[in-house]
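Below is one structure, written out as structure tokens; the observations come after it.
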Amino acid sequence: MISLTLLHPVQSTPVQNWTFEHEPVVRVGRAVDNHVILYSAVVSRHHVELRRMGREWQLVSLSSNGTFLNGKQIQQAPLTDGAMIQIARSGPNLQVHLTS
């Protein structure tokens, strides 16, 4: 199971939470066909995908605006429990929670 928590941009407190138990791919972006929809000008229509690979999850950036994992810009990287995803340099922050 994977959960994503949108954090307040200033206070870093939880604003919204999404949990996915059986989805092999979770899509995040501005378009309405994503699992997680974020309304921000710096968020691409389809910004990132979180892909289940066996028992692990991978973060894949689909955007030219950039995706940052724990402060480092990535194109693709493994996810760990508690990881922080930043959508574009000035965009929203999502915290990742992984459970078996």
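Checked against (1) of a type outside the set (D, E, K, R); (2) open to solvent by less than 40 Å² (accessible area, probe 1.4 Å); (3) under 11 Å from the mean Cα position of the chain (by Cα), V25 meets all criteria but (3). Here segment 28-52 is the region considered, the condition is being open to solvent by less than 20 Å² (accessible area, probe 1.4 Å) and of a type in the set (G, A, S), and the residue that is nearest to F68 (Cα to Cα) is G29.
With respect to the conditions (1) under 22 Å from P14 (Cα atoms); (2) within 12 Å of the chain's Cα centre (by Cα); (3) of a type in the set (A, V, I, L, M, F, W, C), A41 lacks only one, and its number is (2).
Every condition in (1) on the phi > 0 side of the Ramachandran plot; (2) open to solvent by 70 Å² or more (accessible area, probe 1.4 Å) is met by G82 except one, and the failing one is (2). Looking at segment 53-74, which of its residues are surrounded by fewer than 16 Cβ atoms within 10 Å (Cβ to Cβ) and part of a strand (DSSP E or B)? M53, E56, Q58, V60, K72, Q73 - these are the residues of segment 53-74 that are surrounded by fewer than 16 Cβ atoms within 10 Å (Cβ to Cβ) and part of a strand (DSSP E or B).
A77 falls short on exactly one of the conditions (1) surrounded by 13 or more Cβ atoms within 10 Å (Cβ to Cβ); (2) part of a loop (DSSP other than H, G, I, E, B); (3) without any contact (Cβ under 8 Å) to a residue 40 or more places away in the chain, and that condition is (2).
The values are calculated or read from the model by the stated rules, or taken from the named source; none is laboratory data. In this text the structure is predicted, and so the values were computed from the model without any measurement. Don't worry about glycine lacking a Cβ; one is built from the backbone with ideal geometry, like all the others, and counts go over all protein chains shown. Remember, those area values only see protein heavy atoms, side chains included, never the ligands or the DNA or RNA. Shrake-Rupley method; radii C 1.70, N 1.55, O 1.52, S 1.80 Å.
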